[in-house]
Amino acid sequence: MNLGSLIPDASDWRWVVVISVFLVGVHAYRKLSPYFAVTWIGAGALFGALWCADGFEWPAQVRSEVVLLPVSLFYLAAALTKGIVETRDRLRGNHFFHVLMTGVFAGLLGLSLESSADASGFHLPSFGIDGNLLSSSDMEIGGVPLAVGLGWAVAASAFYGIYKLFDHAGLSKPLQTVVLFVSMPFLVQGVKALSEML
Amino acid sequence: MLDRFVARIPTLLLAGVVLLGALVGLVGEGDPDDLLATAPAALLLVGYLWAGRRKRGGRAS
């Protein structure tokens, strides 16, 4: 059997992204709530679209399904955080730690995904990290600059933090939904500004 | 049955990320260095599985 045939090329990544978002939707729907599933995927897709369009690098080869990638990666990082953190009683309910660790895990996952995607010709837009301390150094893991992982970490922490903030602010569901979606453009700009500062 | 599958979705997704990175690094057109970029995700998978086992109280005495 030729193992090389199992590796997705750029067009196969559409299915990788779609299947992962579907699985995320099923998990969120069954384990949390239909409301959570819809708002997470909706707000994540909006974040992804703005991430791709709003002033970030947009190489010609970037494919449209890339806008759904943050939905899966952020959710996976948050789910892993919950799974790992909940084994420690004193960390249960510590929202700040959850958000922070989600960022760390998203950064680690981002390094692997960026590496695989790049090798398959599936190009991702950058988080606009340039001209700063991290990217000007040559620090990298397996050919992926650490700044790329940092970009995913900042983005995931910001997204999950905002979602948690509105979820625990005592807003009604309709108002929470509106505020969440309206905040996405500001969140993307904030992530970009923060990434450039680091 | 469905609930058991749903509970394993994060593990499946994480295993998929690790598998993809390993395939690309070992047999793909990527550099073997790609394996290094996948190492943190692989460690995360090990940690997550360990935490799940601990949560279920299935640790061997």
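Derivation of every value follows stated rules applied to the coordinates shown; laboratory data play no part. These figures come from a predicted structure and were not determined experimentally. Every residue, glycine as well, gets a Cβ built from its backbone with ideal geometry; the counts of neighbours run over all protein chains shown.
General remarks:
- Inter-probe distance in nm under a simple model that places probes 7 Å from Cα toward Cβ, at B:F5 and A:L171: 3.5
- Length-normalised contact order of chain A in % [C-alpha pairs under 8 Å, at least 6 apart]: 24
- Shown is the FRET efficiency for A:V182 and B:R53, computed with R0 = 30 Å from the Cβ-Cβ distance and rounded to the nearest 0.05: 0.10.
- Rounded if a/c under 1.5, otherwise prolate or oblate - the range B:1-52, Cα gyration tensor axes: oblate
- Kirkwood-based shape ratio for the range A:3-197, expressed as Rg/Rh from alpha carbons: 0.96
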